[in-house]
Amino acid sequence: MSNDNKSIHEFDVNLICEYFSGMERQGPGSPEVTIDAIGFIDNLTDDSRIADLGCGTGGQTMILAQHAPGVITGIDLFPAFIDLFNANAAKHNLQNRVKGIVGSMCALSFQDEELDLIWSEGAIYNIGFERGLNEWRRFLKKGGYIAVTEASWFTEEHPEEIERFWVEAYPEIDTIPNKVAQMQKSGYIPVATFILPENCWTDHFYAPQVAAQEAFLNKYPGNKTAEELVSYQRQEANLYDKYKAYYGYVFYIGKKI
């Protein structure tokens, strides 16, 4: 399979984890955007229960913990990420109320109506936007919040090259109005929707990868899978630079009815 139509999901998961583990964030975002999203969440207290699903190494989780009260459980499928997550919590002296555990967002162990807030930056695509909104809803208290970032089209029409890329990478990508309608249909009041600034991709996601890519290739010389993974990430960055007017990540914040 050529690199032109290979999805990142087809690469060795251990290599993917190693590649992204040295980065503060495993997807587009920024501390400022996380803080902005927190501003739309009401009524959190020290007793609030929060889950960050697909937390990665916890870059956004630590910002969340520093700017909102409550006890936070980070969940990720990859043990290497969770190890780094818990080390990150200790580094920020947050270990008393921030804990990472290995688990799947497809099979959560929370009780019904246990959570005040579900957070997920750059990760709901793993289960799918609509499925995540519907399946996670039962874990939220009435009046509880969900806050996720999701790949979305900014325009109704888009060039064939970028449409082909996204249809292969994530067929559920859709326009912002359609995503808001899906949130409403799933039983949430849409509280806020805003597009992540360009620097969330360039400065906070793609730029840190440049040095990491060279180190990664030096560590695995001649490894075809490692080379293809780096090539894929570079292709993704080039496509973003070329077509960023047509798509990006959007924060969707909803309140359970």
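Mind listing whichever residues of the range 141-168 are closer than 23 Å to ILE75 by Cα and within 18 Å of the chain's Cα centre (by Cα)? Even if it seems obvious, please write down each step before you answer.
The first filter runs over the range 141-168 and keeps only residues closer than 23 Å to ILE75 by Cα, leaving 141-151.
TYR145, ILE146, ALA147, VAL148, THR149, GLU150, ALA151 - these are the residues of the range 141-168 that are closer than 23 Å to ILE75 by Cα and within 18 Å of the chain's Cα centre (by Cα).
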message: On the basis of being over 30 Å from LEU140 (Cα atoms) and touching a residue at least 60 places away in the same chain (Cβ under 8 Å), does TYR188 make the cut?
response: no
query: Within the range 115-140, how many residues turn out to be over 18 Å from the mean Cα position of the chain (by Cα) and surrounded by fewer than 16 Cβ atoms within 10 Å (Cβ to Cβ)?
result: 1
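Do we find that ILE173 is of a type outside the set (Lys, Arg), open to solvent by less than 20 Å² (accessible area, probe 1.4 Å), more than 19 Å from the chain's Cα centre (by Cα) and within 16 Å of LYS244 (Cα to Cα) in this structure?
Details: of a type outside the set (Lys, Arg): yes; open to solvent by less than 20 Å² (accessible area, probe 1.4 Å): yes; more than 19 Å from the chain's Cα centre (by Cα): no; within 16 Å of LYS244 (Cα to Cα): yes.
Judged against the criteria, ILE173 is not a match.
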query: If we keep just the residues of the range 229-257 that are in contact with a Pro (Cβ under 9 Å, 6 or more places away or on another chain) and open to solvent by 60 Å² or more (accessible area, probe 1.4 Å), which is nearest to MET183 (Cα to Cα)?
result: LYS255
statement: Contact list, first residue from the range 15-40 and in contact (Cβ under 8 Å) with a residue 24 or more places away in the chain, second anywhere and open to solvent by 20 Å² or more (accessible area, probe 1.4 Å) and acidic (Asp, Glu), beta-carbon distance below 8 Å, six or more apart or interchain, is SER30/ASP203
In the range 148-178, the residues that are touching a residue at least 40 places away in the same chain (Cβ under 8 Å), of a type in the set (Asp, Glu) and over 21 Å from GLY54 (Cβ atoms): GLU161
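Give GLY29, GLY39, GLY70, GLY22 a once-over and let me know the one that is over 20 Å from GLY144 (Cα atoms) and either modelled with pLDDT of 95 or more or β-branched (Val, Ile, Thr) (or both).
Values: GLY39 fails: over 20 Å from GLY144 (Cα atoms); GLY70 fails: over 20 Å from GLY144 (Cα atoms); GLY22 fails: either modelled with pLDDT of 95 or more or β-branched (Val, Ile, Thr) (or both).
Sole residue among the options that is over 20 Å from GLY144 (Cα atoms) and either modelled with pLDDT of 95 or more or β-branched (Val, Ile, Thr) (or both): GLY29.
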- request: Could you please let me know if GLU18 is farther than 22 Å from LYS141 by Cα and either open to solvent by 80 Å² or more (accessible area, probe 1.4 Å) or aromatic (Phe, Trp, Tyr) (or both)?
  value: no
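Kindly indicate which of ALA226, ALA211, ALA215 is part of a helix (DSSP H, G or I), modelled with pLDDT under 95 and open to solvent by 70 Å² or more (accessible area, probe 1.4 Å). Steps first, answer last, please.
Working: ALA226 fails: open to solvent by 70 Å² or more (accessible area, probe 1.4 Å); ALA215 fails: open to solvent by 70 Å² or more (accessible area, probe 1.4 Å).
When all the criteria are applied, what remains is ALA211.
For the range 182-206, enumerate the residues that are within 17 Å of TYR145 (Cα to Cα), in contact with a Pro (Cβ under 9 Å, 6 or more places away or on another chain) and open to solvent by less than 60 Å² (accessible area, probe 1.4 Å).
To start, the set of residues in the range 182-206 that are within 17 Å of TYR145 (Cα to Cα) comprises 182-194.
Narrowing further to those that are in contact with a Pro (Cβ under 9 Å, 6 or more places away or on another chain): 183-184.
The one that is within 17 Å of TYR145 (Cα to Cα), in contact with a Pro (Cβ under 9 Å, 6 or more places away or on another chain) and open to solvent by less than 60 Å² (accessible area, probe 1.4 Å): MET183.
With the requirement that a residue be crowded, with 20+ Cβ neighbours inside 10 Å and of a type in the set (A, V, I, L, M, F, W, C), what does the range 146-164 give you? Quick ask: steps written out before the conclusion?
Applying the first criterion (crowded, with 20+ Cβ neighbours inside 10 Å) to the range 146-164 yields 146-153.
Matches in the range 146-164: ILE146, ALA147, VAL148, ALA151, TRP153.
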statement: Those residues of the range 26-45 that are open to solvent by 10 Å² or more (accessible area, probe 1.4 Å), of a type outside the set (Gly, Ala, Ser) and within 13 Å of SER120 (Cβ to Cβ) come to a total of 1
Residues of the range 46-104 satisfying the condition of being more than 27 Å from ASN14 (Cα to Cα), surrounded by fewer than 23 Cβ atoms within 10 Å (Cβ to Cβ) and among the β-branched types (Val, Ile, Thr): VAL71
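The values are calculated or read from the model by the stated rules, or taken from the named source; none is laboratory data. Predicted model only: the values in this text are computed from it and were never measured. Don't worry about glycine lacking a Cβ; one is built from the backbone with ideal geometry, like all the others, and counts go over all protein chains shown. Heavy atoms of the whole protein, side chains included, go into the accessibility calculation; ligands, DNA and RNA do not. Shrake-Rupley method; radii C 1.70, N 1.55, O 1.52, S 1.80 Å.
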